[in-house]
Amino acid sequence: MTQETTIQTTTIFQPVQLGPITLRNPVIKAATSEGRSPEGKVTQALIDFHRGFIEGGIAMTTLAYCSISKAGFAAPGEILMVKENTSGLKRFTAAMHEAGGKASAQLGHAGPVATKKITGVQPIAPSRFFNLTSMQTCRAITIPEMKEIINQFADAAEVAIEAGFDAIELHFGHLYLVSSFFSPWINKRTDEYGGSIENRTRFAKEILLAVKERVQDQLAIIVKLSMDDGIKGSIWLDDSTETARILDETGAVDAFELTMGSSVSNQMYLFRGETDIDGMANTQKGIMKLGVKWFGRQILGEYPYEDLYMLSSARQFQTVVKKAKLILLGGINSFDDMATAVREGFPLFAMGRALLREPDIINKIKVNPSKLGLCIHCNKCMFSVFTTTNCVFTKDYAISSQAALV
Ligand SMILES: Cc1cc2nc3c(=O)[nH]c(=O)nc-3n(C[C@H](O)[C@H](O)[C@H](O)COP(=O)(O)O)c2cc1C
């Protein structure tokens, strides 16, 4: 038995306050794009998928990537967070509450990660930018469009309240639209949204304040923030700690979920573990498929997996962030990892792949704290986001319940 298991499960699985809400324990299911919303709406398959995590012992599940507009979609089968979809979303939150847990909605705009094939329009970025992964040129967003997007974030937050969500998570990571503003690699603007880190954080701050004004204290606000993009010339900890300080100072953030890496390039920097080239190639056709087979490893990168691989970066935020709580993410796969997170001063933690592999891992750990997670970080789940997100060992094939609920 290691040092960490001397911390009792009863010490860790205690209620935690997150802004205006109380979680029954510190475990949050991290967003893992579901692909269970073929018409942008909630389906029974989506509800069943998330209820499994709540029944398995976590405190709050995150409804992954809910796009604030059709132009903001990143992958097929994502939720469109607009008023017309409120009734399905209400059924979603009711099911999570009935199962004893809470529900968070991740709100975002994919920006340079979006593709015309999915959205029907040319993707946008802070300035003109060529995305080598999608082989698409993004056009520069205009200031009136930015104002519209700020309103769309606030509207989506209002939909979340109406639908009964307990929290929203603003997606300010992975070089989606908002975090691409942080990045000097993508953001070449010369106006008040480019240049200094204050300027590159301005759009995020405006979105955050507009959302806070709309939601007040009716739900918790989490910001998913990239600490380090893993790309030369993009952001690293010196920039991201400053962004966190600026956003924290507003008092509008209840917690930062600290992430890293990007969906634009070097994707394995976020995931670590096996680089599934065949999995990525199978999402493409013709010459693109061959291109991925030949150059996929250079584009995706290759990094060994270790438990708690974001911990040393996340520690850098502990002295900078004074008002919000910090959520530790990345490679939490056992009770020892959770105990380390708590011992290191992180009051909350989020888990992605370990829960895809074993939705009931928390219930199992409560009975047997020495139990190790079964996830082997093969990353075959990564490319299932283009169909129906699943761990290959636990595929649910819930096709019959894919019909959209309105
Ligand atoms: C299949 C899959 C889909 C994901 N989709 C999202 C997503 O929609 N939004 C997001 O912010 N992160 C997404 N992620 C990243 C996770 O939230 C998490 O940051 C990452 O997997 C690291 O945590 P883990 O080691 O606990 O898996 C996804 C990860 C996986 C494996």
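Here is how the numbers come out for the structure above:
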| item | result |
| --- | --- |
| Two-decimal Rg to Rh for the stretch 56-137 - Kirkwood Rh, Cα set | 1.09 |
| Relative contact order [Cα under 8 Å, 6+ residues apart], the stretch 3-398, whole percent | 17 |
| Cut-off 15 Å between beta-carbons: net charge of the residues surrounding Ala95, Lys and Arg +1, Asp and Glu -1 | +2 |
| Size descriptor, Kirkwood hydrodynamic radius, that averages inverse alpha-carbon separations across the stretch 251-305, Å | 12.6 |
| In range of the label at Met288: residues from the stretch 112-149 whose backbone nitrogen is under 15 Å from the point 7 Å along Cα→Cβ | 113-123, 131-138 |
| Cα-based reach from Lys325 at 12 Å (exclusive), listing aspartates and glutamates while leaving out same-chain residues under 8 positions away | Asp248, Asp254, Glu257 |
| By average C-beta atoms within 10 angstrom, highest first, the peptides 176-189, 271-284 | 176-189, 271-284 |
| Under Karplus coefficients 6.51, -1.76 and 1.60, residue-wise ³J(HN,Hα) of the stretch 10-20 in Hz, glycine/proline x | 5, 6, 7, 7, 10, x, 10, 7, 10, x, x |
| GNM result for the chain, Cα springs below 10 Å: residue of His97, His50, His174 fluctuating most strongly | His97 |
| Solvent-free Debye scattering, log10 I(q)/I(0), computed from the Cα coordinates of the stretch 1-144 at q = 0.09, 0.11, 0.17 Å⁻¹ | -0.38, -0.53, -0.93 |
| Compactness of the stretch 3-398 as Cα Rg over 2.2 N^0.38 Å, two decimals | 0.91 |
| Estimated distance in nm for a label pair at Gln218 and Lys90, the labels positioned 7 Å out from Cα along Cα-to-Cβ | 1.4 |
| Distance between the stretch 66-139 and the stretch 258-278 - C-alpha centres, whole angstrom | 19 |
| Sequence of Cys378, Cys138, Cys391, Cys66 once ranked by neighbouring C-beta atoms within 10 Å, starting from the fewest | Cys378, Cys391, Cys138, Cys66 |
| Under 10 Å, Cβ to Cβ, from Cys66 - net charge with Lys/Arg +1 and Asp/Glu -1 | -2 |
| For the chain, size of Cβ-based charge dipole, Lys and Arg +1, Asp and Glu -1, in debye | 720 |
| Pairs beyond 26 Å (Cα-Cα), from Lys41/Lys205; Lys205/Lys323; Lys90/Lys224; Lys188/Lys293; Lys29/Lys285; Lys147/Lys232 | Lys41/Lys205; Lys188/Lys293; Lys29/Lys285; Lys147/Lys232 |
| Placed amide H near Gln136: partners under 5 Å, 5+ positions off or other chain | Asn131 |
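Since every read-out is calculated from the coordinates, none of them should be taken as a lab result. This one's a predicted model, so the numbers in the text were calculated from it and none came from an experiment. Quick reminder, even Gly has a Cβ in these numbers, built from the backbone with ideal geometry, and neighbours come from all protein chains shown.
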